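Novice: Before I ask anything, here is the structure I am working with.
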Amino acid sequence: MANLLNWNEMNGKLYSNGWREGVQNTDIIEPATGKTLAQVALGAAETISEAAKVAAAAQKEWMRVPPEEKRALFIRAEALWRDYADEICNWTMQEIGATRSKAQFEINFCSDEFLEAASYPTQHYGALLADRAHRMSYAVRVPYGVVAAMTPSNVPLLLTARVIAPALATGNAVLLKPHPNSIVCGGFVFARLFEEAGLPSGLLHVIPARGKEAEAFETNPNISMVHFTGSSAAGQRIAETASRSLKKVSISGSGKNPFVVLDDVADLDAVVSTAVYSTFYFGGQSCMTAGRHLIHRSLIDEYINRFVAAASQLVVDNPVTNPHAFYGPMIQPKEVNRQDEIVKDAVAKGAKLHLGGKFNGPFFYPTVLSGVRPGMQVWEQEIFGPIAAITAFDTDSEAIQMANDTPYGLSAAVLGSQVRATRIAEQLQTGMVHINDRSTDDSAYVPFGGVKLSGNGGRYGSYVNWDEYTQWRWFTVSEQPSRIPLEH
């Protein structure tokens, strides 16, 4: 079988009504080695404007496609996704430094997203409403029209499929701006997949863009909804720009996720393995990473000892060449400097360094800090790297206060006896809470999303996608016009 990605056709191009040239080219760089993998084109504001106009016209035609044809298209897309899974996996490992297991997790998740999307066109999308005599009143869900989707590089397959599949399935067209560090696996693989699956031309555009040129995704009048997944700081700027024209804006932002361990946990070794996974999976480059470990004081010493012992065994290397690597490079190699700054700031302000704090090229090694407190960068900021920040607490109320002492509110984990852990979990200001489980979890069947600076209310997954990608339209139908008295 031929490859999904045909670089004879794609090299130096972007995808908008077919593969075409942009205003300039940029290299795709492997973060682990610095090797150039391919070259792609960047679009300008005019490219985005033209694509939005084409997409708006194509979306009107897409609305008229019978639901069973739409369903069949997503089923074909999922089958093709499975056929090309090895190629997609290898590209994800190279382009963002993912381990094979991490890339395969994303691939499996995307299959679920495509199959969920396949069910949408045949679901009911309206409601019959109460009304006065001799008139019918009903409401239907209608797509926004053209959705601009800006996706991140850390989970590029999953977080792209999570937007474009339900957006298309509910009747929208999509303009996709992939992150500069994941243009291929977070963009071009989807362009090729849906091209091969038979998606009508003009409905999906993949346009890498930078700086001022990219602002057209937020301002173009043919775009009715803007979705962004990434840092809260970038999300705030995008929301401010896009909302000036009263577009729907959906932001999925940063996380500073508490990992709370109570003194009545049944199995401390199981807790530690969960904590290590929640902290170091993909090198901590996840919005759901355990941002602060809040540990009951009676367990703190033993917890640190076991955690350090487990973390010290993790292999950090290029997953492409070392299948034993637990995680690989930082996606953006210069990010090691920020991780180094966070560690030095914490130590200078009184934290104790138990492990790590070192890096080699783009690889930052597992790092464990204790005595972390407010005022340190490691307490205040999303780390987005392989650093465990550990703090002791004495009472449940103190743990709750500490957990909520952040402007973010994405995910949390509470580990302890079920009733007590649940009581604490119910008081945490997060969009998701996992009791006796890891903080890093997701599914195509759940309402994923955060509160506070972690998101502006959007939820993604399964049935809630109808709320995200459609809006209500109210209709009334009378048998004939009625005479309305005009006198007062």
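Novice: Based on DSSP, what percent of beta bridges with both residues in the chain are antiparallel, to the nearest 5? Please list the in-between numbers first.
Specialist: Values: 31 of 67 bridges.
Here the share of antiparallel DSSP bridges comes out near 45 percent.
Novice: What size of dipole, in debye to the nearest 20, comes out for region 257-435 about its Cα centre when the only charges are +1 on Lys and Arg C-beta atoms and -1 on Asp and Glu C-beta atoms?
Specialist: The calculation lands at about 360 debye.
Novice: Rank ILE88, LEU73, ALA45 by how far each Cα sits towards the positive end of the charge dipole of region 38-101 (+1 on Lys, Arg Cβ; -1 on Asp, Glu Cβ) and give me just the farthest.
Specialist: Selected residue: LEU73.
Novice: Still on this structure: So what are region 86-201's ellipsoid semi-axes, whole angstrom, largest first, if each one is the square root of 5 times an eigenvalue of the alpha-carbon gyration tensor?
Specialist: 36, 14, 12
Novice: Considering only region 340-488, what is the antiparallel percent among its DSSP beta bridges, to the nearest 5?
Specialist: Percent antiparallel among DSSP bridges in region 340-488 is about 55.
Novice: While we're looking at this one, here's another question. Over the chain, calculate the relative contact order: mean separation of alpha carbon pairs under 8 Å at least 6 apart, over the residue count, as a percent.
Specialist: 17
Novice: Regarding region 257-435, what are the three Cα extents along the principal axes, ordered largest first, in Å?
Specialist: Computed over region 257-435, the largest-to-smallest principal extents equal 45, 33, 30 Å.
Novice: Would you work out which of GLY416, ALA388, PRO485 lies farthest towards the positive end of the dipole of region 385-488? Charges go on Cβ: Lys and Arg +1, Asp and Glu -1.
Specialist: The listed residue farthest towards the positive side: PRO485.
Novice: Given Cβ point charges of +1 (Lys, Arg) and -1 (Asp, Glu) and nothing else, what value in debye, to the nearest 20, does the dipole of region 1-132 about its Cα centre take?
Specialist: Magnitude of the dipole: close to 260 debye.
Novice: Can you classify region 45-129 as rounded, prolate or oblate using the Cα gyration tensor, where a ≥ b ≥ c are the square roots of its eigenvalues, rounded means a/c under 1.5, and otherwise it's prolate if a/b beats b/c and oblate if not?
Specialist: Because a/c hits 1.5 or more and a/b fails to exceed b/c, region 45-129 counts as oblate.
Novice: Going by how many other Cβ atoms sit within 10 Å of their own, how do GLU68, GLU382, GLU50 line up, fewest first?
Specialist: Sorted ascending by nearby Cβ count, the order is GLU68, GLU50, GLU382.
Novice: For the chain, what does the helix formula give at 222 nm: sum of -39500 (n - 2.57) over DSSP H segments with n ≥ 4, over the residue count, nearest 500 deg cm²/dmol?
Specialist: My calculation for the chain gives -11000 deg cm²/dmol from helical runs alone.
Novice: Further question on the same structure: Quick one: of LYS13/LYS102; LYS13/LYS53; LYS212/LYS248, which pairs are farther than 26 Å apart, Cα to Cα?
Specialist: Values: LYS13/LYS102 28 Å; LYS13/LYS53 20 Å; LYS212/LYS248 21 Å.
Over 26 Å Cα-Cα: LYS13/LYS102.
Novice: Computed over the Cα atoms, what is the radius of gyration of the chain divided by 2.2 N^0.38 Å, N being its residue count?
Specialist: Cα-based Rg divided by the globular estimate yields 1.04.
Novice: Now, a different point. Let me know the charge dipole size of the chain about its Cα centre in debye, to the nearest 20, where only the beta-carbon of Lys, Arg (+1) and Asp, Glu (-1) is charged.
Specialist: 900
Novice: Hey, another quick one. Can you give me the C-alpha center-to-center distance between region 322-367 and region 1-17, rounded to a whole angstrom?
Specialist: 36
Novice: In what order do ARG338, ARG64, ARG192 fall by count of nearby beta-carbon atoms within 10 Å, going from fewest to most?
Specialist: Sorted ascending by nearby Cβ count, the order is ARG64, ARG338, ARG192.
Novice: Give the order of LYS256, LYS358 when sorted by the count of other beta carbons within 10 angstrom, beginning with the fewest.
Specialist: On the way: LYS256 29, LYS358 14.
Result, fewest neighbours first: LYS358, LYS256.
Values in this text are rule-based calculations from the coordinates and carry no lab data. These numbers were taken from a predicted model, which means no experiment stands behind them. FYI the Cβ positions are ideal-geometry reconstructions off the backbone, even for glycines, and counts take in every protein chain you see.
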